[in-house]
Amino acid sequence: MSFIDDDRPQKKTAHEIGADLSMLSVDELKARVELLKTEITRLEAEAARKTSGRQAAESFFRS
């Protein structure tokens, strides 16, 4: 009988700005870089969506 809980949900990798990076492996650092790149893309897409909505509203009220 195994006591390893392989079916437990894995903790999602998170990154705290300014955190100590000295104890992380190269693979962990690369994973965090990818995580942050994905988050930047998500933030930029949301900003673009909001800008588009704002421009549409301003255009509507100028007419």
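The values are calculated or read from the model by the stated rules, or taken from the named source; none is laboratory data. All figures in this text were calculated on a predicted structure; none of them were measured in a lab. A quick note on method: Cβ atoms are made from the backbone with ideal geometry, for glycine too, and the neighbour counts reach across all protein chains shown. In case anyone asks, the SASA skips ligands and DNA or RNA and just uses the protein heavy atoms, side chains included. Shrake-Rupley method; radii C 1.70, N 1.55, O 1.52, S 1.80 Å.
For the reader, a short list of remarks on this structure follows.
- Filtered by the rule that a residue be within 26 Å of the chain's Cα centre (by Cα) and open to solvent by less than 70 Å² (accessible area, probe 1.4 Å), the stretch 52-63 gives Ser52, Gly53.
- Residue count, the stretch 1-39 (criterion: assigned to a loop (DSSP other than H, G, I, E, B), hydroxyl-bearing (Ser, Thr, Tyr) and modelled with pLDDT of 95 or more): 2
- The stretch 19-38 residues that are on the phi > 0 side of the Ramachandran plot and open to solvent by 70 Å² or more (accessible area, probe 1.4 Å), paired with ones that are among the aromatic types (Phe, Trp, Tyr) and assigned to a helix (DSSP H, G or I) (beta carbon under 8 Å, 6 or more apart): none
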